[in-house]
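Take a look at the structure below.
The values are calculated or read from the model by the stated rules, or taken from the named source; none is laboratory data. Here the structure is a predicted model, which means the values were calculated and not measured. Ideal geometry is used to build each Cβ from the backbone, glycine not excepted, and the neighbour counts take in all protein chains shown. For the accessible areas, the whole protein counts, side chains as well, though only heavy atoms, and no ligand, DNA or RNA atoms are used. Shrake-Rupley method; radii C 1.70, N 1.55, O 1.52, S 1.80 Å.
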Amino acid sequence: MEKVSLAWAMCNNVFDPPGVLVSVLLLAPISTAVLCLALLAKGQATLALALPVLLAGATWVWFQFVYMAHEPASKQEEYIEFKDLNAAKTWQGRRIPISTLCELYLEDQIVFKGDVLEALRNRHEFVNYKLTLSVARFLILQIFPNHENSSQKDLSSTKNEIVKHYDRGNDWFASFLGPSMVYTSAVFHGVQQTLEIAQDNKMSLICDKLQLKEDETLLDIGCGWGSLTRHAAKHYNAKAVGVTLSAEGAKFCIDAAKQAKLDKKVEVMCMDYREIGTECKFDKISSIEMAEHVGLKNFQLYLGNIRRMLTDDGMFLMQVAGLRQGSDWEDVAWGLFMSRYIFPGADASTPLNWYIEQLERAGFEVHSVETIGRHYSHTIHRWYDNFQKNRKEMEAKYGGYLCRLWDFFLAWSVIAAGQGSASCYQILAHKNTKSFPRDIFCEEGIAKTSVGVSRKG
């Protein structure tokens, strides 16, 4: 039920879409069941049996003929072309729910005329954000334990989730991530910069915020292909340990560290974060867009393990991809798409306030927060451009379905991050103890560096 609680927490009022979804898909059926039981208790069995049927029938009529009523889309033909006659019969000339648009594209029943990103930039001309039966089914399955519920976060389920996504093949990820092999938001010092320079900027920013020093130990939980660990070892002379569940990623990390002659400074452990010995101590800990995957239920366990592994005067930087508080229907549609198709287990992607509360509950003091969501939009745009350049080769190896999914994923994510439907936060924290040396933030060269402030000279 953690997802239900989060849905309510994301609302600014009861009419926000997450609250409406909880009311329609959970509270209404429960209320109906309670009313039927009450009628049975009063001996009105016929009415108790008829009530659910009548309500279901009325709901179906309303859904089919009111909610999903025809909405003209006069400019639809400028952006999409139907390949399937049945799809054309149903949707030609009318607005298509964006979740259905995605399904039609994935099943090769439509093609976009020209660039997918450009078409989606004009999506308001031919889509709507209505809830479909397919999405409703997905949501209902997230409430109750079953094999399609992405909230299963035991060690085995988590490993399977990571293997399914990250062990596709390093060539697949290189096709859009580029040489840097960093699957997280970069930080641009001017949008004219290359992706590789922007990723270096981000990794240096992380190390600088952590005040990483020579020979200090850095633990990077969810290290991906190890780029941050090598950056810390090379440019800060730190002793870096990366943790990943991906066998493909771990092998890449080890080979890249050897090639860069950093293998004595960089260590890689292929394991779940819950399997790291809590007797290990680190001066600095980073977790870059991995926390979303630990699950709502396990978040305090995850933060508790980090706190135990962090030295008393150490610092922790968590970069997380989050969602807008008070989401509208478009925001919700994007979040459900990501949960359904791209990162099924990343249910701890939330508004900022939830992360701050979790950190404070776990015994951390938050020092700073920086929103880098717009940087994420530019990052994903570079990924999209890279993928389009390599798409033909990837389709030959991995098939059309996966490539169409990546077209849609990257294109829509450029837009979502750009307009604030989704965002990304860098949160710097340390143990909330009376003895923590807080004067380190008052030192010259540290105190006058402030997020988002323009400085002369």
### Query
Looking at this structure, is Y401 aromatic (F, W, Y), open to solvent by 10 Å² or more (accessible area, probe 1.4 Å), within 19 Å of M290 (Cα to Cα) and touching a residue at least 60 places away in the same chain (Cβ under 8 Å)?
no
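Can you find a residue in region 358-367 that is more than 30 Å from V135 (Cβ to Cβ), among the polar types (S, T, N, Q) and open to solvent by less than 20 Å² (accessible area, probe 1.4 Å)?
Of region 358-367, the ones more than 30 Å from V135 (Cβ to Cβ) are 359-367.
Next, only the ones that are among the polar types (S, T, N, Q) stay: none.
Checked against the condition, which is being more than 30 Å from V135 (Cβ to Cβ), among the polar types (S, T, N, Q) and open to solvent by less than 20 Å² (accessible area, probe 1.4 Å), region 358-367 yields no hits at all.
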### Query
Scanning region 248-270 for residues that are under 27 Å from the mean Cα position of the chain (by Cα), over 22 Å from M309 (Cα atoms) and open to solvent by 40 Å² or more (accessible area, probe 1.4 Å), which turns out modelled with the lowest pLDDT?
E248
### Query
Given the residues S327, S377, which is the only one that is at pLDDT below 95 and either farther than 18 Å from S413 by Cβ or not charged (D, E, K, R) (or both)?
S327
### Query
What tally of residues in region 226-247 results from selecting those that are in a loop (DSSP other than H, G, I, E, B) and open to solvent by 10 Å² or more (accessible area, probe 1.4 Å)?
2
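Look through region 405-457, keep the residues that are acidic (D, E) and over 30 Å from D328 (Cβ atoms), and return whichever of them is modelled with the lowest pLDDT.
Keep residues of region 405-457 that are acidic (D, E), which gives 407, 439, 443-444.
Filter once more, keeping what is over 30 Å from D328 (Cβ atoms): 439, 443-444.
Values: D439: 92, E443: 84, E444: 76.
Filtering first and then ranking leaves E444.
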### Of all residues making up region 291-328, the number that are aliphatic (A, V, I, L, M), open to solvent by 10 Å² or more (accessible area, probe 1.4 Å) and part of a loop (DSSP other than H, G, I, E, B)
1
### Query
Which of the residues that make up region 169-200 are in contact (Cβ under 8 Å) with a residue 12 or more places away in the chain, surrounded by fewer than 17 Cβ atoms within 10 Å (Cβ to Cβ) and in a helix (DSSP H, G or I)?
D171, E196
